[in-house]
Amino acid sequence: MGCVHGKCCTRYPSSSDGDSGRRREKRPYKCKHILTQRSLELVPVPSHNFTLQFSVLTQHGYYPDTVERENQDSFCIKTQLQGNPSIHFFGVFDGHGQYGAECSNFVKDRLVERLANDTTLLDDPLKAYNSAFLATNSELHDSEIDDTMSGTTAITVLVVGDTLYVANVGDSRAVIAVKDGDRILAEDLSEDQTPFRKDEYERVKLCGARVLSVDQVEGLKDPNIQNWGDEYSQGGDPPRLWVPDGMYPGTAFTRSVGDSTAEKIGVIAVPEISVVRLTRNHLFFVVASDGVFEFLSSRTVVNMVWFIRI
């Protein structure tokens, strides 16, 4: 499963009618993005005289044994947040568990609503982001959705003028393409939150989590070996989180929204937030779930978007 957002930063187009003061609303391009096969949309950022082009793709992943498996991913695009033409929100939410679809849809709606209603958003975006995630997590716990063993990861980008605020909870990812001379580089805007990370591993261990791969839990490998290599070499059987005396929940991430059972062993909804000031060398950014990045590197994803750009 995976959701992908491709966005390009371009200079603000000149007005054909000479009315430079007229607010230009989001509008579709006449052509389609080759990857998504959907119309490109444009949204202006008048405070810094450029536009964002964006398109979106979400589709069911390939599961040979469960072809009817539900796509639990969702996405949210909210332009002109708080009525401000220079604030725009993009997010991907990767649901998991029996009620993962319900969780991802609940969180995508409530998170952006929280941000939209926060009067401190412009004064302190980091504080507003943290507050929105934690409040949304509490709301999901209190909702009619059973998040005992279900939840969602979230990777979101808030565009405020020429600055990106990237908030990540889980193992989805945001990456930006940067022009460096004749080269196009891929720079991660977020870091996957999994037990492969030493800091996240130690944090959840202190909270009582057992960290083992499925083979270790089932006795096929030595559970005392707490070294799993890297995410790409061990992607088929990654380290997971388990309660001390049971074989659940088995999450391969260390942060999420929901997952009330996993919360007891250190899975938290606190986002890691990075801040990037856009320059003319930033070409586009991509936001996608691990349904993409589990199989494709950040570099490969950037190359795919770059070489088939409109």
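So here's what we get for this one:
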read-out	value
Lys205 versus Asp180: modelled label distance in nm, points set 7 Å from Cα along the beta carbon direction	3.3
Size of electric dipole in segment 194-252: Cβ of Lys, Arg +1 and of Asp, Glu -1, about Cα centre, debye, nearest 20	180
Length-normalised contact order of segment 97-210 in % [C-alpha pairs under 8 Å, at least 6 apart]	19
Sequence-distant residues sharing a close amide H with Ala269 (under 5 Å, placed H)	Ser256
Solvent-accessible ranking of Phe284, Phe307, largest area first, probe 1.4 Å	Phe307, Phe284
In sequence order, calculated HN-Hα J values of segment 169-184 (Karplus, 6.51, -1.76, 1.60; Hz; x Gly/Pro)	10, x, 10, 7, 8, 10, 9, 10, 8, 10, 7, 10, x, 8, 9, 10
Cα gyration tensor shape of segment 74-193, rounded if a/c is under 1.5, else prolate or oblate by comparing a/b with b/c	oblate
Segment 198-240, accessible area per residue, ligands and nucleic acids excluded (1.4 Å, Å²)	61
Cα-based shape type of segment 194-252, given that a ≥ b ≥ c are square roots of the gyration tensor eigenvalues and the cut on a/c is 1.5	oblate
Radius, Kirkwood style, for segment 172-272 when every pair of distinct Cα atoms is counted (Å)	14.8
Accessible area of segment 168-309 belonging to carbon and sulfur atoms, whole % at 1.4 Å probe	52
Charge-dipole axis of segment 127-177 as Lys and Arg at +1 and Asp and Glu at -1 on Cβ define it, positive-most pick from Ser150, Val160, Gly170	Val160
Entries in Lys127/Lys264; Lys78/Lys179; Lys127/Lys198; Lys108/Lys221; Lys221/Lys264 that, when Cα-Cα distance is taken, lie over 29 Å	Lys108/Lys221
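The values are calculated or read from the model by the stated rules, or taken from the named source; none is laboratory data. Since the structure is predicted, the reported quantities are computational estimates derived from the model, not experimental observations. Here Cβ is always computed from backbone atoms with ideal geometry, including for glycine, and neighbour counts include all displayed protein chains. Only protein heavy atoms, including side chains, enter the accessible area calculation; ligands, DNA and RNA are left aside. Shrake-Rupley method; radii C 1.70, N 1.55, O 1.52, S 1.80 Å.
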